[in-house]
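What follows is one structure encoded as structure tokens, with my remarks underneath.
The values are calculated or read from the model by the stated rules, or taken from the named source; none is laboratory data. Here the structure is a predicted model, which is why all the values come from computation and not from measurement. Quick reminder, even Gly has a Cβ in these numbers, built from the backbone with ideal geometry, and neighbours come from all protein chains shown. These area figures cover heavy atoms from the full protein model, side chains too; ligands, DNA and RNA do not enter into them. Shrake-Rupley method; radii C 1.70, N 1.55, O 1.52, S 1.80 Å.
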Amino acid sequence: MSTKDFIEKDFYKVLGVPKDATEAEIKKAYRKLAREYHPDANKGNAKAEDRFKEISEANDVLGDPKKRKEYDEARALFGNGGYRPGPGAGGGNFNFDLGDLFGGGPQGGGGAPGGFGGGIGDVFGGLFNRGGPGTTRTQPRRGQDIDTEVTLTFTEAIEGATVPLRMSSQAPCKACSGTGDKNGTPRVCPTCVGTGQVARGSGGGFSLTDPCPDCKGRGLIAEHPCPDCKGSGRAKSSRTMQVRIPAGVTDSQRIRLRGKGAPGERGGPSGDLYVVVHVDPHPVFGRKDDNLTVTVPVTFTEAALGGEVRVPTLGGPSLTLKLPPGTPNGRTMRARGKGAVRKDGTRGDLLVTVEVSVPKDLSGEARDALEAYREATAGEDPRAELFEAAKGA
């Protein structure tokens, strides 16, 4: 992402959230839009694909508190027409360096999504013409980020799993070793002097930068373009990776794997891999935060008189719960340490909800017993308090 894009793009508008949105609101908005515009749900729709990239780019920034803070500061300083030096800032004597102000180092490297790196100084690394006309060193370029999806079973999501992912991305062309020149001898672009960027004056003694239009930001021009990559130095590459999904992931969670994206150019770092996890439902168990849930049927006598009932657990031996006499329908009990894995390695609990089972067919003996019970409790009215409360309301 260029400096111009970082400053001028309104990521809040892209996600449809206000500037004071909470992390939860941003996450919710991203998930909704990502599902709507994901390429798998819009095959052959180029506009939907572009929209999905915009949404992912916005979430990469606003979903990270540190990057969001840097973005807000940059927008506040340069937004709405750019920064305007105050009185005394004076033309060519304006030597204010944002990189020094925010602790950023020289331009290059990077490792954050979108191509801006570990601090706002990196974002504005080329803002004040660092590397003047005499500079001939071509800059390393960070590889692209890759978005993909994976579907796990309920058990795999709880316990963690290693899954194969096949990915396609741009990588250095093997035919020309990423140089773009079939002879392997590209020349430095005379327009940007190998930096891959050109200055765009904005007044006040400093300038913004844009990708060089002649070399497309590569810093190099191929005199004899490689026939495989047409001089771009990049070619489509497919690979299969074994990716470890950590235990305890939730449905729609987005996992970032640093350095697992597309390879960089000229010694630049690889991009990141973003994996959106989908979890298939389980026929028995559910999930509530770090706890698992299960509904266990019990007989009327077990609920009324008390007793011991066996309860299944996910991937382990069953456990026995003691029902106290008079257990009501819908009561939830807790089996500690039988839930999902937390980030600290501990486990949540298993929440067991009791459901009194009413038999559809009764034997003669069972019917007689229930008739006797009805006669024995004929004077009791479980709805008496309900009607009294209704009258007093």
Under 5 Å from the placed amide H of Arg347, counting only residues 5+ away or on other chains, we find Arg342
Measuring from its Cα centre, the stretch 288-393 shows a charge dipole (+1 at each Lys and Arg Cβ, -1 at each Asp and Glu Cβ) which, in debye to the nearest 20, is 720
Taking a crude spin-label model, label points 7 Å out from Cα along the C-beta direction, the Ala48 to Thr185 distance in nm is 5.0
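How would you classify the stretch 206-355 from its alpha-carbon gyration tensor, with a ≥ b ≥ c the square roots of the eigenvalues: rounded for a/c under 1.5, else prolate if a/b is greater than b/c, otherwise oblate?
Values: a/c = 4.93, a/b = 3.99, b/c = 1.24.
Verdict is prolate for the stretch 206-355.
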Work out how much length Arg35 to Ala369 would gain on full extension: take 0.36 nm times their residue separation and subtract the Cα-Cα distance, in nm to one decimal.
114.6 nm
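Using DSSP to call loops (not H, G, I, E or B), can you name the GluC sites (Glu not before Pro) in the stretch 312-393 whose Cβ has at most 12 other Cβ atoms within 10 angstrom?
Values: sites: Glu355, Glu365, Glu371, Glu375, Glu380, Glu385, Glu388; in loops: Glu380.
Those satisfying the criteria are Glu380.
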What distance in nm separates the simple spin-label points at Asp228 and Lys288, each placed 7 Å from Cα in the Cβ direction?
5.8
Assign one of three labels to the stretch 300-393, namely rounded, prolate or oblate, based on the Cα gyration tensor with a ≥ b ≥ c the square roots of its eigenvalues; rounded applies when a/c is under 1.5, prolate when it is not and a/b is larger than b/c, and oblate otherwise.
oblate
Can you pull the accessible area of Ile245 for me, 1.4 Å probe, Å² to the nearest 10?
0
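Which sequence of Arg347, Arg35 reflects their accessible areas, 1.4 Å probe, from the largest down?
Values: Arg347 85, Arg35 130 Å².
Heavy-atom accessible area, descending, gives Arg35, Arg347.
For the stretch 207-310, what is the charge dipole size about the Cα centre, in debye to the nearest 20, if Lys and Arg each add +1 at the Cβ and Asp and Glu each add -1 at the Cβ?
On the way: 15 positive and 12 negative charges, 91 e Å.
Charge dipole of the stretch 207-310: 440 debye, to the nearest 20.
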Give me the accessible area of Asp40, 1.4 Å probe, in Å² rounded to the nearest 10.
90
So for the stretch 183-305, taking the charge dipole from beta-carbon charges (+1 Lys/Arg, -1 Asp/Glu), which of Ser270, Val193, Met241 sits furthest toward the positive end?
Val193
